[in-house]
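I have placed the structure first, in the form of structure tokens, so that the comments after it can refer back to it.
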Amino acid sequence: MAEFRSNNVEEYFKGKTILVTGATGFLAKTSNPHVAIQRLHNEVFGKELFNIQRDKWGEKFSSFLSEKVVAVAGDVSLHNFGIKDQTLIQNMLQDIEIIVHSAATTKWDERYDVAMNMNTMGAYNTLNFAKMCPTIQVFLHVSTAFVCGERKGLIPEEPFQMGQTLKGSSKLDINLEKKLIEQKLSELHAQNANEETITSIMTELGTTRANLHGWQDTYALTKAMGEMIVTNMKGNIPLIITRPSGILGTHSKPFPGWIEGVRTIDFVFVEYFKGEITSFVGDPNITMDLIPADMVANSMIVALMKSRLKRIINIYRPYFTEPEIIFDDKNTEKLRMTIKGVDNVNREFNFDPKSIDWKDYLMNVHFPGLLQYAMQPKM
Ligand SMILES: NC(=O)c1ccc[n+]([C@@H]2O[C@H](COP(=O)([O-])OP(=O)(O)OC[C@H]3O[C@@H](n4cnc5c(N)ncnc54)[C@H](OP(=O)(O)O)[C@@H]3O)[C@@H](O)[C@H]2O)c1
């Protein structure tokens, strides 16, 4: 059984090229890469979250980051993230080995067209990008526990089937949902509706479609459709789907309590701290589904490695566990016999496995060779 050791983690990620969509907030709506780099430094590495790393690296922090991290301005709702620079695209395709797809709109009552583009088509476009990366090893899709919809009781940890609906018998057809959005937008534009009206109607459309199919809101429906896409269109790419519940501040890493902005359930707590809410309707015995941010990140890191280990185990298990196989080698033996009497040829072109001391060969020749020649660190 494969085991994790703490240095497995470092070893696994060492030298790997990882594309993280959205998690850093640098992808943005702009196509200006300088703005993306500035945002990366201000909005991510400038935060208290990186204080420990900043202290550790001192003056070299910036150059360390520039060496390790590249900011790419892109929009997941577009093919190839809307990146026009073909050299950049080719370099990304060539280098990327792991994709963590986290970009999303997390607004529960988002406009249907916006949420469809970001959460559903974002997953589609990012997966298609992964399929074009020749050295892709794993695709980690960040979903949400609340794709469970309005179901009650034990929610199985199972992937969605394409077209699965949580209510009624009609299938959930993603293409039909996209057509409905396009039709509604065309109608509204034909009526010269203003932006406020469009937003209000598209928001309502999302909620209606979500409720029709058994989801509580547009966010959950479009995230569920994103899952359907990655699960059913992944081809040969190893896929991990993570479904965090409500994410809170860090539990311990890099230090306890770090959080960015007020989000999800924290709105209620903040209003209570401010004294705006003094009581709240709720069942005191309820189990709240919450998780600290660093635990979500930790589970993602371990899952990325486990994927890899499981794949290796599945591929190689038959070679280590199947009952002994005896290969007929009559023809090879005949060939060997042809050189048996010819002394120098027999020595120089020996291919008789019985002449090998296998323990000695493995311990003193093969394994040292593997370490020396095959496990050189990647430059
Ligand atoms: N927060 C939670 O409690 C929670 C719970 C469960 C699951 N999740 C999932 O975790 C992931 C991250 O959530 P979060 O709370 O960290 O979200 P967040 O703070 O709102 O960040 C979303 C990120 O996605 C980027 N993004 C949005 N639209 C994009 C687009 N069209 N193209 C490229 N990037 C885009 C944003 O970039 P900009 O800054 O440029 O807008 C931002 O970096 C999401 O997939 C979410 O569904 C979150």
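Name every residue in region 211-237 that is among the aliphatic types (A, V, I, L, M) and within 16 Å of the ligand (Cβ to nearest atom), in order of residue number. Break it down into steps so the answer makes sense when it comes.
So in region 211-237, the residues among the aliphatic types (A, V, I, L, M) come out as 212, 220-221, 224-225, 228-230, 233, 237.
Listed by number, the residues that qualify are A220, L221, A224, M225, M228, I229, V230.
Considering E43, E59, which residue is within 14 Å of the ligand (Cβ to nearest atom) and not assigned by TED's automatic domain parsing to the domain that holds N128?
E43
To keep it simple, each residue is scored yes or no on (1) away from the ligand (no atom under 13 Å from the Cβ); (2) under 30 Å from D266 (Cβ atoms).
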site	(1), (2)
F146	no, yes
G153	yes, yes
P156	yes, yes
L185	yes, no
L188	yes, no
R209	yes, yes
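Going by the structure shown, is G246 surrounded by 13 or more Cβ atoms within 10 Å (Cβ to Cβ), closer than 19 Å to M116 by Cβ and either within 14 Å of the ligand (Cβ to nearest atom) or in the same structural domain as I315 (by TED's automatic domain parsing) (or both)? Please lay out each step first, then the result.
Numbers: surrounded by 13 or more Cβ atoms within 10 Å (Cβ to Cβ): yes; closer than 19 Å to M116 by Cβ: no; either within 14 Å of the ligand (Cβ to nearest atom) or in the same structural domain as I315 (by TED's automatic domain parsing) (or both): yes.
Taking the combined requirement at face value, the residue does not satisfy it.
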Open item on the list: Filter region 250-288 down to the residues that are loosely packed, with under 13 Cβ neighbours inside 10 Å, in contact with a helix residue (DSSP H, G or I) (Cβ under 8 Å, 6 or more places away or on another chain) and over 30 Å from Q53 (Cα atoms) and list them by number.
Closed with: T278, F280
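Whether any residue in region 127-147 is over 29 Å from L309 (Cα atoms), out of contact with any Pro (no Cβ under 9 Å at 6 or more places or on another chain), loosely packed, with under 13 Cβ neighbours inside 10 Å and among the hydroxyl-bearing types (S, T, Y) is what I want to check. Write out each step before concluding.
Applying the first criterion (over 29 Å from L309 (Cα atoms)) to region 127-147 yields none.
Checked region 127-147: no residue is over 29 Å from L309 (Cα atoms), out of contact with any Pro (no Cβ under 9 Å at 6 or more places or on another chain), loosely packed, with under 13 Cβ neighbours inside 10 Å and among the hydroxyl-bearing types (S, T, Y).
Listed here are the residues, each with its yes/no results for (1) under 30 Å from S143 (Cα atoms); (2) in contact (Cβ under 8 Å) with a residue 40 or more places away in the chain; (3) part of a helix (DSSP H, G or I); (4) of a type in the set (G, A, S).
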{"residue": "V302", "(1), (2), (3), (4)": "yes, yes, yes, no"}
{"residue": "F327", "(1), (2), (3), (4)": "no, no, no, no"}
{"residue": "R347", "(1), (2), (3), (4)": "no, no, yes, no"}
{"residue": "V365", "(1), (2), (3), (4)": "no, no, yes, no"}
{"residue": "P368", "(1), (2), (3), (4)": "no, no, yes, no"}
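Residue-by-condition table, conditions (1) away from the ligand (no atom under 16 Å from the Cβ); (2) within 30 Å of T144 (Cα to Cα); (3) not acidic (D, E):
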residue: S279; (1), (2), (3): yes, yes, yes
residue: E324; (1), (2), (3): yes, no, no
residue: D328; (1), (2), (3): yes, no, no
residue: K340; (1), (2), (3): yes, no, yes
residue: N346; (1), (2), (3): yes, no, yes
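Among A2, A73, A23, which is the only one that is surrounded by fewer than 17 Cβ atoms within 10 Å (Cβ to Cβ), in contact with a Leu (Cβ under 7 Å, 6 or more places away or on another chain) and either at pLDDT below 90 or aliphatic (A, V, I, L, M) (or both)? It would help to see each step written out before you state the result.
On the way: A73 fails: surrounded by fewer than 17 Cβ atoms within 10 Å (Cβ to Cβ); A23 fails: in contact with a Leu (Cβ under 7 Å, 6 or more places away or on another chain).
The unique qualifying residue is A2.
Give, as residue ranges, the helices (runs of 4 or more DSSP H) completely inside region 77-149 that count at least 1 residues that are of a type in the set (A, V, I, L, M), touching a helix residue (DSSP H, G or I) at 6+ places or on another chain (Cβ under 7 Å) and within 14 Å of T21 (Cβ to Cβ).
Numbers: elements: 86-95, 112-115, 121-131.
Answer list for region 77-149: 121-131.
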TODO: Could you list, in sequence order, all residues of region 203-221 that are within 24 Å of the chain's Cα centre (by Cα) and over 19 Å from S169 (Cα atoms)?
DONE: D217, T218, Y219, A220
Open item on the list: I'd like to know if region 178-190 contains one or more residues that are free of Cβ contacts under 8 Å to residues at least 60 places away in the same chain and outside any helix (DSSP H, G or I).
Closed with: no
Task: Candidates I174, I240, filtered to the one that is within 16 Å of the ligand (Cβ to nearest atom), within 30 Å of S307 (Cβ to Cβ) and surrounded by 13 or more Cβ atoms within 10 Å (Cβ to Cβ) - done: I240
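The values are calculated or read from the model by the stated rules, or taken from the named source; none is laboratory data. Values in this document were obtained by computation on a predicted structure and should not be read as measured data. No Cβ is skipped: glycine too gets one built from the backbone with ideal geometry, and neighbour counts run over all protein chains shown.
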